């Protein structure tokens with residue numbers, strides 16, 4: 001049973017796309033203001049886990065609870081209104097909307113006003129009338145995060161937010177996520193770079209073939225990374241045997 | 001933003017100046033205003049929502065028949081007839097939208113075609129009320145606002161159609177500039193992302209569908225009132241295609257596409273039908289091909305590209 005203070009709970013969730021099952025009996029819980037790292041190599045189901053929380057996959061079994069609401073059959077837009085902000089790996093910036101329109105299109109009343117978001121990302125303030133495709137990769141990622149924050153989320157799902165970004169932008173985003181967390185927003189961070197993710201989170205899980213194979217406090221894994229390294233190595237062996245087979 | 005405001009003003013000024021510029025073509029002007037309104041209403045679906053449909057004539061025809069029947073059987077007041085035409089088309093939009101908007105792309109096109117055929121056949125079969133294949137006759141409109149009788153010069157008809165179009169444009173403009181309009185563009189570009197941003201995509205599209213249908217119905221009602229006749233081909237697949245061609249010609253999703261596409265189409269149609277009556281459709285086809293290759297975003301995009309080039313040369 002989910003604890004009363006939990007913002008998000010997954011109980012033995014099996015999910016995928018159509019008849020294809022990707023996540024296999026995944027369970028996790030996340031308290032308000034907490035941060036969870038989801039680790040694993042490419043293709044282990046990290047994005048599917050994020051999309052399952054956001055309501056973009058087909059649930060085959062188990063239970064998803066957001067706040068005190070059973071969200072398993074809830075469409076994505078209702079979950080967003082319950083406070084789930086999802087920053088997808090591909091950023092999914094709208095080519096025909098300006099920066100300002102991106103921040104307005106799903107905006108809800110709350111602390112993350114357009115001006116507050118421009119304070120958080122001054123680079124975007126200077127480009128407020130530019131279209132999505134006129135931005136650099138780093139700016140697009142900032143915009144994707146700002147757009148999700150404009151929903152006034154209680155939970156931010158970040159799917160590999162640092163992928164392909166310059167170190168300076170990564171640094172900016174790490175600071176921003178820290179600031180966002182301090183406002184009480186919970187974070188689920190899917191990331192391949194374990195060290196970076198562990199430094200930003202309280203707890204971590206590792207996935208192999210859609211199953212949770214490791215669960216530990218992030219600090220513990222930073223200090224004693226052997227179990228995580230073993231999991232990732234196992235995974236590499238699994239993947240190479242798959243490719244041989 | 002400043003350019004957009006100036007162009008909006010230019011559109012409205014153009015509508016107001018037309019009677020001075022072409023006093024002998026007010027009938028043609030009224031016809032163009034009606035087609036602009038119809039193409040603009042389709043733009044909301046095609047250009048902004050990204051829904052390709054070949055069923056728009058169903059809403060235009062529903063508005064025309066409703067206003068025509070209302071004039072014959074209830075009241076010949078033009079403004080009341082407009083409201084009735086718009087409401088009838090909106091109702092049809094509401095009912096058909098529930099079914100049509102479950103699908104996209106080819107299936108949506110097929111279902112929209114089916115809608116036109118069903119409405120057309122209903123109008124044909126229900127001859128006692130609609131006039132069937134002979135068309136709805138016997139419409140005699142009262143003077144506009146009780147004072148301005150529809151005259152042979154077409155002046156009242158033009159002012160009536162152009163004023164309705166101007167109001168509709170102001171509404172269309174505020175709609176596409178609003179958060180609602182932005183969300184339609186978002187849905188067109190990435191439906192799943194809009195879901196994830198808390199937008200109930202289905203309900204949003206149904207609302208846009210009803211608004212678009214209502215505007216097309218108003219255009220149909222205008223046509224019925226101005227010509228005092230409703231032909232069965234007001235609800236035809238052919239007319240649906242023509243509206244779509246006008247919009248593509250002008251540029252879909254570009255705010256002014258209907259204002260360029262519909263007049264150019266009507267002008268070309270009139271000119272070519274006179275000069276080469278046997279082959280005028282061939283010329284229209286060639287013109288469309290030229291537009292697709294030379295200005296893929298339609299005439300609006302072509303004009304914008306030329307304006308950018310001139311501005312670039314100046315600076």
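Bear in mind these aren't lab numbers, they're just calculated from the coordinates by the rules spelled out. From a predicted model like this one, the values you see are computed outputs, not experimental measurements. Cβ: placed from backbone, ideal geometry, glycine included. Neighbour counts: every protein chain shown.
Observations
- With Cα atoms, 0 to 90° folded angle of helix A:226-244 axis to chain A main axis: 80 degrees
- Hydrodynamic radius by Kirkwood, which averages 1/r over all alpha carbon pairs of chain B, in angstrom: 19.9 Å
- Shielding of peptide A:195-208 by partners, expressed as the average count of other chain Cβ atoms within 10 Å per residue Cβ, is 0.
- When the Gaussian network model of chain A links Cα atoms closer than 10 Å, the mean-square fluctuations of A:25, A:119, A:160 top out at A:119.
- Rounded FRET efficiency, nearest 0.05, which uses the C-beta distance separating residue B:177 from residue A:113 and R0 of 30 Å: 0.90
- Rg and Dmax of the range A:140-206, Cα atoms only, in Å: 11.3, 30
- Chain A: most fluctuating residue of A:174, A:87, A:38 per GNM, C-alpha cutoff 10 Å: A:174
- Counted over the protein assembly as shown, the DSSP beta bridges are approximately 60% antiparallel.
- Estimated FRET transfer efficiency when R0 is 25 angstrom, pair residue A:60-residue A:233 (beta carbons, to 0.05): 0.25
- From largest to smallest, the equivalent ellipsoid semi-axes obtained for the range A:6-244 from the alpha-carbon gyration tensor read 29, 20, 17 Å.
- A simple spin-label model places the labels of residue B:27 and residue A:195 8.3 nm from each other, with each point 7 Å out along Cα-to-Cβ.
- Reciprocal mean inverse distance between Cα atoms of the protein assembly as shown - Kirkwood radius, Å: 26.5 Å
- For the range A:92-153 and the range B:189-212, distance of Cα centres in Å: 20 Å
- The tail of the calculated P(r) for the range B:72-229 beyond 18 Å holds 67 percent of all Cα-Cα pairs.
- Among B:267, B:259, B:293: highest mean-square fluctuation, GNM of chain B, C-alpha pairs under 10 Å: B:293
- Whole-number D in µm² s⁻¹ for the range A:1-96, Kirkwood Cα-pair radius fed into Stokes-Einstein, 20 °C, 1.002 mPa s: 154 µm²/s
- The long axis of helix A:167-182 is offset from the longest Cα principal axis of chain A by roughly 90 degrees.
- Calculated FRET efficiency for the pair residue A:182/residue B:275, C-beta based, R₀ 60 Å, to 0.05: 0.25
- Virtual paramagnetic centre 7 Å along Cα→Cβ of residue B:8, amide N under 19 Å, in the range B:270-308: none
- Model label zone, residue A:123; criterion: amide N under 13 Å from point 7 Å along Cα-to-beta-carbon; scope the range A:145-162: A:145-146, A:162
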